[in-house]
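Notes follow the structure.
Here, each number is a calculation from the coordinates, and none is a lab measurement. Source: prediction; values computed, not measured. So basically every Cβ, Gly included, is an ideal-geometry build from the backbone, and we count neighbours across all protein chains shown.
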Amino acid sequence: MALHSKVTDFGGLGSLVETFLPWCGVFVPVLLAAALWRGSATAVVALLLPVVVWVSLFGELLTDKSQAGGDLTVVSHNVGAENPDPAGTAGALAASGADLLALEELTEKARGTYEKELAKTYPHHAVEGTVGLWSKLPLSDTQAVDVLRGNVGPLARQRQRRAEDVPVDPPRALRATVATDQGPLAVYVVHLGSVRLMSRGGFWTDSRDGGVAKLTKAVVAERSERVVVLGDMNGSTDDRTFAGLTSQLRSAQEEAGDGFGFSWPASFPIARIDQILVRGVEPTSSWVLPQTGSDHLPVAAGISW
């Protein structure tokens, strides 16, 4: 746990370890039971080391840092391409009270349903490819953000070789300016590439890692003082791949949440891969919303100026 950054990232191993790093703590009770079974006082004392390391890494997340109030509530949800009930999902999200609602993994088939069901609550919305932003406040300067090109994985190389023979992938990120009574707020909605288990062993993270680099570059170049990034990042903020991005932004869950805020898979969440990251605003609270028809849980945060 203490030397997780030294774990090789060959085959995506380092990324995998860091995504599920908090779960290393489950081995402590197992080791404690073994020490007690053997009647070894030395082993029991030795267990203080992993306990101290785990607490130093994650103990702060176990305290409730949320505060009352907030100027805006934002929600992000990967609604799932296979979601059997987009209308129900839209209704649950609208009932959350969010001022800004970011949706990822929108399909052409379901997009109309979300637009219809959310229209009454959110008079303003923008969609680029498979991501969308619904807002109670006016939107402007909406544009797609490239988080796909420049990937170095085998699929990307194949597409580069056959660029004239295959259709261009739809955008998976957008940027919009939200007009608030305190001035403009730059909002990014992002769905980074997936992490894949390879048939020959290991994990392929090239698509996601290339997207992180592109997104980080966009955030660095962002001129707005106030920035919120919402979306399915397919990785946790403990992952070394996100170091450049998290040096520019703060996690709402880490700053103002209660617990780990795991969001995936929805049936038994074991990792927080859905993130709300901010700059120039103060997160006042962060939480996870109830399950919808998606395989992800929605994540929410309150922010203030």
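List of remarks:
- Of the criteria (1) out of contact with any Phe, Trp or Tyr (no Cβ under 7 Å at 6 or more places or on another chain); (2) among the aliphatic types (A, V, I, L, M); (3) in contact (Cβ under 8 Å) with a residue 12 or more places away in the chain, which one Leu61 fails: (1)
- Filter result (assigned to a loop (DSSP other than H, G, I, E, B) and over 22 Å from Ser5 (Cα atoms)) within the range 249-282: Asp258, Gly259, Gly261, Ser263, Pro265, Ala266, Ser267, Phe268, Pro269, Gly280, Val281
- Boolean, Arg240 is under 24 Å from Ser224 (Cα atoms) and either touching a residue at least 12 places away in the same chain (Cβ under 8 Å) or not acidic (Asp, Glu) (or both): no
- Taken across the range 80-92, residues that are within 26 Å of Thr177 (Cα to Cα) and in contact with a strand residue (DSSP E or B) (Cβ under 7 Å, 6 or more places away or on another chain) do not occur at all.
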